[in-house]
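In what follows, a structure is listed as structure tokens, so that the remarks can point back to it.
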Amino acid sequence: MQNLTPFILALFFILFYTPISAQNIGVYPYLQDVSPTSVYIMWETSDSGTGTVDWGSTPFDLSNAVNSTTITGSGSSRIHTAFISGLNSSTKYYYKVRTASGVTTPLYNFKT
């Protein structure tokens with residue numbers, strides 16, 4: 001019976017304490033190839049739904065949106081890439097990422 005105790009505890013933990021989430025962000029957004037007029041924003045999720053980057057020139061008006069393209073990462077992960085172009089040089093922009101299941105990241109910013 002003593003040998004079964006760790007197994008029973010592990011099973012109990014899996015059944016009752018494992019969080020259930022439709023889509024988790026495994027790697028939060030990061031910037032790639034920032035230029036004076038464009039940027040790629042990438043992130044990784046645990047599900048294949050399309051993501052969206054909401055962005056704007058103030059933190060209170062993220063009225064622009066661009067959808068991501070998705071490729072398969074390691075295991076069941078999906079790597080999302082969103083390309084934003086038509087930006088103004090030397091300008092600060094704000095953005096957040098929204099997943100298909102409604103998970104939203106905190107607000108981030110970058111400067112071209």
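The values are calculated or read from the model by the stated rules, or taken from the named source; none is laboratory data. Since this is a predicted model, take the numbers as computed values, not measurements. All Cβ positions, even for glycine, are placed from backbone atoms using ideal geometry, and neighbour counts span all protein chains on display.
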Considering (1) among the small types (Gly, Ala, Ser); (2) modelled with pLDDT of 95 or more; (3) not in a strand (DSSP E or B), say which one SER21 fails and leave the rest.
(2)
Could you list, in sequence order, all residues of the range 26-36 that are surrounded by 13 or more Cβ atoms within 10 Å (Cβ to Cβ) and outside any strand (DSSP E or B)?
VAL34
In this structure, does LEU87 turn out to be touching a Ser or Thr at 6+ places or on another chain (Cβ under 6 Å), modelled with pLDDT of 95 or more, among the aliphatic types (A, V, I, L, M) and surrounded by 14 or more Cβ atoms within 10 Å (Cβ to Cβ)?
yes
Which one is nearest to TYR108 (Cα to Cα) among residues in the range 42-90 that are within 13 Å of the chain's Cα centre (by Cα) and among the aliphatic types (A, V, I, L, M)?
VAL53
List the number of the failed condition for THR70; all other conditions in (1) in contact with a Lys or Arg (Cβ under 6 Å, 6 or more places away or on another chain); (2) over 16 Å from LEU31 (Cβ atoms); (3) modelled with pLDDT of 95 or more hold.
(3)
